[in-house]
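J.: Let me begin by handing over the structure; questions about it come next.
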Amino acid sequence: MDVAGDRSSTPGSPPGYPSLFEADVVLSDGGTVLIRPIRPDDGPALARFHSGLSAESVYLRYFSPHPRLSDAEITFLTTVDYRWRMALVAVLRDEIVGVARYEGKEGTTDAEVAFLVNDAHHGRGIGTVLLEWLAAAAREAGITEFYASTLAENQKMLTVFRQAGFETTSVAGRGEVSVRFPVADSYGLAVAVACREHRAEARSVGRLLARHRRRAGAFAAVVPPAVRLPRLPRPPTSPPSRTSSCGSRSSASSYPRWRRWTSTPSSPDPKGSWPSTGGSGWTPTTKRHPERDLRRLR
């Protein structure tokens, strides 16, 4: 991810507010959320976020039941110095759906990290994205290592740490797991980030095309038959699946480095069938073909 930019505050923000950590981010399911540093005026939204968590999520975070946040806790959690104490929130439709924070001390190079995600948004990659951006903020502040303690049954949090691309070291004992990992850039972290972005962008494009198809269908339903555009026949075979470098299986029809035919015809033959290619017709390539994309959009 790219966080290059000005660290100065935006108008109306608290002193030291790092505006470079404010951006719309694509999630693993193709949706988007706003990632930004927390502000003191987030108190009411943070209280609503906490009250909307399940009892299990609260217990795994605080190691005990904690149904509501006190006013003092809300003030403490929303007021940070954006250096030794930092918190990021994921915002969707003006409501907080995820929070990640680190707590460090001046003169030290490590900090305790923790995050929470609304139960309805588990599995969307919000925790992973928050952790990735929080690590970038820590590097800016001179922090080199994160550590965390969690209950052994909190497998979701441990999975995020493992899959985020950081080189973790874990110690288990008495029902708890202590995790440490450096936040510095590394090859493993770069690969994990690139894979997440690849999957997120592919699913985001899939959502966009699905909306286009729905709109095109609605248009065709109300336009008189005499002015409807003819549809080209579909190829007779299904594309072979392949395994991407990120380890996920994807269809060649949605993967930009595969082409449908060795030579893309401008139109089918008079009988309405596609020319024979002497095989399945699937050829790896690095080129994009507007004709193929046009047929898919129709």
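J.: Fully extended, how many nm does the chain gain between residue 170 and residue 75 (0.36 nm per residue separation, minus their Cα-Cα distance)?
T.: Numbers: separation 95, 0.36 × 95 = 34.20 nm, distance 3.21 nm.
That pair, residue 170 and residue 75, stretches by 31.0 nm at full extension.
J.: Quick one: which residues, 5 or more positions from residue 183 or on another chain, have an amide H under 5 Å from its amide H? H modelled 1.01 Å from N in the peptide plane, none for Pro or chain starts.
T.: Close amide H contacts, sequence-distant or interchain: 145, 146.
Values quoted throughout were computed directly from the atomic coordinates according to the rules given, and no laboratory measurement underlies them. Since the model is a prediction, treat every value here as computed from it, not as a measurement.
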